[in-house]
Each structure stands twice: as C-alpha cells, then as structure tokens.
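The values are calculated or read from the model by the stated rules, or taken from the named source; none is laboratory data. Quick caveat: nothing in here was measured; it's all calculated off a predicted structure. Glycine gets a Cβ as well: all are built from the backbone with ideal geometry, and neighbour counts include every protein chain shown. SASA here: full protein model, heavy atoms, side chains in, ligands and nucleic acids out. Shrake-Rupley method; radii C 1.70, N 1.55, O 1.52, S 1.80 Å.
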Amino acid sequence: MIYLQLFLSFLQVGMFSVGGGYAAIPLIQSQVVEQHGWLTMQEFTDLVTIAEMTPGPITVNSATFVGIRMAGIPGALVA
C-alpha cells in the first residue's frame, strides 16, 4: 500500500507542478508533511537542503529521499 501512496503522491506533484522544481516544493510539502505525515517539518527542511545540494532536479531528489525513507530502495524507485 505504501508503494501505491508514494507513486500517486509524486505523480500528483509531477503533473501539477508548473514552473520547475522550486514551484514544486509547496506541493511536495503538502503531500509529504501535511497529508501523509511521512516527514516532520524539520525533516522536510532538511530534505529541501539536501535536494538543493545534490546534483539533479529537486523534485527527483525529494522523491528519492522520501521513497527510501519510507520503503527502502523499492520505495525510492516507485516514488
């Protein structure tokens, strides 16, 4: 069930975030912190910091971080 939730959450972020990675941050926060409670707000701010420092798009790095945190490597692949 967690795999389906991860997939649908980040599918929604990908479909409705227009304007690049920085525009997706509020959508990711809404999904990850407020709706599902997968991360606390402090963990989310750490996530944004790490996602900005590592190479690659912020949205992909965020999805990978949340996925691996919630369901290991399969979760990262699904997200």
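If you take the residues of segment 17-56 that are under 19 Å from residue 77 (Cα atoms) and among the polar types (S, T, N, Q), which of them is most open to solvent (accessible area, probe 1.4 Å)? Restricting to residues being under 19 Å from residue 77 (Cα atoms) and among the polar types (S, T, N, Q), the top hit is 54.
So which residues in segment 1-53 are of a type in the set (S, T, N, Q) and in a helix (DSSP H, G or I)? Before the answer, list the steps.
As a first pass, look at segment 1-53 and keep what is of a type in the set (S, T, N, Q): 5, 9, 12, 17, 29-31, 35, 40, 42, 45, 49.
Hits for segment 1-53 are 5, 9, 12, 29, 30, 31, 35, 42, 45, 49.
Of all residue pairs spaced 6 or more apart or on separate chains, those with beta-carbon atoms under 8 Å, a first member in segment 24-42 that is without any contact (Cβ under 8 Å) to a residue 12 or more places away in the chain and a second member that is outside any helix (DSSP H, G or I) and open to solvent by 50 Å² or more (accessible area, probe 1.4 Å) are 33/40. Taking the criterion of being touching a Gly at 6+ places or on another chain (Cβ under 8 Å) and open to solvent by 60 Å² or more (accessible area, probe 1.4 Å), the residues of segment 57-68 that qualify are 57, 68.
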